[in-house]
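The values are calculated or read from the model by the stated rules, or taken from the named source; none is laboratory data. All figures in this text were calculated on a predicted structure; none of them were measured in a lab. For neighbour counting, all protein chains shown are included, and Cβ atoms are generated from backbone atoms with ideal geometry for every residue, glycine included.
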Amino acid sequence: MRTKAGRFLRLAAVLPVAVLAAALPVAAAETDFLAAFSDPSRIWGNGIEMVLEQAYRDHFRTRIVAGRVMNVRMPFAMNYERSTLLEGRLDVVAVGKGSAASLWPIIDGLLASDDFALYARTLSDGNEQVVIFDMERQSWESSRDFRLIAGMRAGLYPGLPHRPHVLVPGNGIDEADVFNYLHVVGRVGMDCSGFVWNMLTFVAKRGGVDLVRLLGPSMGLPRGGDPAMFAGTVFFNSRNPNIISVDDKIYNLRPADVMLFRGADGQMSHSAIIQSVDFEKGILRYLQSTDIAGQDERGVHESFVRFDPANPGVSLSDPGLHWTKPRMPPFAGEIGYAHGDDGSRFRAFAELGGGRVVRLRAMGRLRFGA
């Protein structure tokens, strides 16, 4: 059962108390409770962990959607991700590399649209139904066909990569439904490396370093090019002199280090960023953007690795570590994935090199308040 305090804590983890106070009738005592969690420095101090947390929270917004207060997270969006069965390619907004500042107005526009209002009403009409999305046409429709509903209840998934099907009870829209609309109809959000780059540039700027100016010349940018478009997993896995390879033993890892996950083709296919390493409690917290996650986590979210504080010399590739993040299909019923959690994925393809951790050399220049 979700308590009121639990709901407040979830919201406070990503939003300033002033925003929440404007959205909800909050008593004075509850305001004090929220304030304890709304200021990152109260939890993370004034160092790089706090700045990373601030950057992370910029990827969340509280919105009233169809009369409900929701914690809307930045969706995941990757160019061509669902183009498998199409002749053309499915482009997403800013190829998944846009900044939070540039993407939130687009997301707000989608949530304020007449089409989204109809979508919300349809999912709130009290009828069980199947929402059929079409990513190619950036559209959706609803079906109450009892055979389609019965089939999906029985685990028979009729969707295609670009036409995901979602069985909904009709009792109202929730955060997962919002993600579905933004991801498929809006085709808006950040891919994994777009998110990591945004995190790094935010943190570097707060620490007095301009990554765009510093790294631009070494990234092969065309005149006037945007470095964000070139800062993918290939860049982080490159031999660029601005990138340092890090031995992945826990005691070597630092906030803002980048974790790279290898694909079957030998290339790095996913990236995430370390936010903190708690050597007393044995918890490594990392942040990422992906849709291969639980329905309520798709998009930007936090994940954890638990380790024995008495053995910080263990490698991230050690199978004895507990990675809390399971890998799940983006839409319920789609084909699952070979690696059940982030840990098995990091260890995967060891014959090709497995997972890797890298650090931007510029991170050593950052200066934050004591």
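At a glance:
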| read-out | value |
| --- | --- |
| Of all residues making up segment 195-210, the number that are surrounded by 17 or more Cβ atoms within 10 Å (Cβ to Cβ), over 16 Å from Thr233 (Cα atoms) and within 22 Å of the chain's Cα centre (by Cα) | 4 |
| Search result, residues across segment 251-267 that are touching a Phe, Trp or Tyr at 6+ places or on another chain (Cβ under 8 Å), surrounded by 22 or more Cβ atoms within 10 Å (Cβ to Cβ) and of a type outside the set (Phe, Trp, Tyr) | Val258, Met259, Leu260, Arg262 |
| Test for Gln129: is it more than 24 Å from the chain's Cα centre (by Cα) and touching a residue at least 40 places away in the same chain (Cβ under 8 Å) | yes |
| Count of residues meeting criterion [under 30 Å from Ala150 (Cβ atoms) and touching a Leu at 6+ places or on another chain (Cβ under 9 Å)] in segment 170-220 | 10 |
| Which numbered condition Phe146 misses (of (1) of a type in the set (Phe, Trp, Tyr); (2) in contact (Cβ under 8 Å) with a residue 40 or more places away in the chain; (3) farther than 27 Å from Gln288 by Cβ) | (2) |
| Which listed residue, of Pro25, Pro40, is at pLDDT below 90, more than 20 Å from the chain's Cα centre (by Cα) and either more than 30 Å from Val184 (Cβ to Cβ) or of a type outside the set (A, V, I, L, M, F, W, C) (or both) | Pro25 |
| Strands (runs of 3 or more DSSP E) enclosed by segment 110-223 - at least 1 residues per element that are of a type in the set (Gly, Ala, Ser) and touching a Phe, Trp or Tyr at 6+ places or on another chain (Cβ under 8 Å) | 139-143 |
